[in-house]
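Peer 1: After the structure tokens below, expect a handful of questions from me.
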Amino acid sequence: MDYSPLHPFRWNEERSATLRAELDAWYAKLYSLTEEELRYILDPQDVYGPDFPGETFRVLKKNETKRFGEYRTRRLILAAWQPLSFGSARNITSIEGGKNERNASKRSAIHSSS
């Protein structure tokens with residue numbers, strides 16, 4: 001049996017919520033969502049007003065509002081989104097291994113040969 005000198009992982013709910021929000025923001029960016037589209041996914045009423053009939057995360061919103069006094073997930077994701085939307089975070093293309101640049105080159109080659 002291998003012995004690990006590391007201590008057991010200590011759960012930190014706030015840190016976990018922040019990390020999940022950051023991942024959600026990155027995925028939204030990788031899917032090329034706009035901030036308005038992300039806001040719509042998180043809470044359509046935020047975009048179209050309180051009379052909009054649809055909801056996406058009704059139970060999550062209700063539970064978080066009861067527990068934290070706010071829809072915390074929405075706030076955390078949009079806060080994580082801000083640096084990505086203004087380009088202060090790493091370039092998404094570098095994460096994708098230049099896929100966008102390669103696809104752009106392919107598209108321009110296809111259109112120039114037509």
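Peer 1: Quick check on the range 27-44: of everything there that is in contact (Cβ under 8 Å) with a residue 24 or more places away in the chain and in a helix (DSSP H, G or I), which residue is nearest to Glu13 (Cα to Cα)? Reasoning before the result, please.
Peer 2: From the range 27-44, those in contact (Cβ under 8 Å) with a residue 24 or more places away in the chain are 28-30, 35, 38-39, 42-43; that's our starting set.
Those left that are additionally in a helix (DSSP H, G or I): 28-30, 35, 38-39, 42.
Details: Ala28: 22, Lys29: 24, Leu30: 26, Glu35: 26, Leu38: 23, Arg39: 23, Leu42: 20 Å.
Filtering first and then ranking leaves Leu42.
Peer 1: Under the condition of being in a loop (DSSP other than H, G, I, E, B) and among the acidic types (Asp, Glu), which residue from the range 45-84 is farthest from Asp24 (Cα to Cα)?
Peer 2: Here is the first cut: in the range 45-84, the residues in a loop (DSSP other than H, G, I, E, B) are 49-57, 69-71.
So of that shortlist, the ones also among the acidic types (Asp, Glu) come out as 51, 55, 70.
Numbers: Asp51: 27, Glu55: 18, Glu70: 18 Å.
Here the answer is Asp51.
All of the numbers you see were taken from the coordinates with simple rules; none came from a lab. Just so we're clear, the structure is a prediction, and the values are computed from it rather than from any experiment. Here Cβ is always computed from backbone atoms with ideal geometry, including for glycine, and neighbour counts include all displayed protein chains.
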